[in-house]
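The values are calculated or read from the model by the stated rules, or taken from the named source; none is laboratory data. Just so we're clear, the structure is a prediction, and the values are computed from it rather than from any experiment. Here the Cβ positions follow ideal geometry from the backbone for every residue, glycine too, while neighbour counts run over all protein chains shown. Side chains are part of the model used for accessible areas, which takes the heavy atoms of the whole protein and leaves out ligands, DNA and RNA. Shrake-Rupley method; radii C 1.70, N 1.55, O 1.52, S 1.80 Å.
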Amino acid sequence: MEVDRIRQGEIAKPVREIAPVSLRIQELALQCTQQLHDLSVSRYATMTGSEENLARLVGACSQISLAATLCNLAIHHRTEILLYEDSDPTPAASRDQLRRAGDEMQRAATTYRAVAVRLSRRLAWAAGWSQDQHTIAGDSAATLPTAATAVAHTRR
């Protein structure tokens, strides 16, 4: 019986099998969140359509983070039989968590592809690029007096 094998020392098997995937997904979630932050505080945030893209990226970050959590739950479900006599001795719960993690990663990939297509179309459209450059330049000019005023007030 699988319960007995796990109790006899195969506890590390689900960890060895699932933890590397979980770690890679968690690293991806961290990278996604860092990129999202970097974009949100950059001039990109002033470009036309950036609000929707940033909102979609927030969703992708959440989906990736959920996938990492589901991988950890899969490990938990496969190892909890050591702690609880009434736990499910079959790998069904663990497999379900991994399936759900795969679904979330697929949703995140779809979201990323949609954002990439929107961005490439926007960048390929010369009028849009020109409009974005004008918006960015306008925002930069609008912030210069504020920054200069702040420097002048600090010198006093």
| note | The residue that is farthest from Ala29 (Cα to Cα), considering only those in region 41-55 that are of a type in the set (Gly, Ala, Ser) and open to solvent by 40 Å² or more (accessible area, probe 1.4 Å), is Ser42
| query | Is it the case that region 131-146 has a residue that's farther than 30 Å from Val15 by Cα, modelled with pLDDT of 80 or more and exposed (fewer than 15 other Cβ atoms within 10 Å of the Cβ)? | reply | no
| note | Pairing a residue in region 41-54 that is charged (D, E, K, R) with any residue that is open to solvent by 70 Å² or more (accessible area, probe 1.4 Å), where Cβ atoms lie under 9 Å and the two sit 6 or more apart in sequence or on different chains, gives Glu52/Arg118
| remark: Taking region 56-81 and keeping residues under 13 Å from Leu98 (Cα atoms), open to solvent by 10 Å² or more (accessible area, probe 1.4 Å) and without any contact (Cβ under 8 Å) to a residue 40 or more places away in the chain leaves Leu66, Thr69, Leu73, His76, His77
| message | Name the residue that is surrounded by the fewest Cβ atoms within 10 Å (Cβ to Cβ), counting only residues in region 1-31 that are at pLDDT below 90 and of a type in the set (A, V, I, L, M, F, W, C). | response | Met1
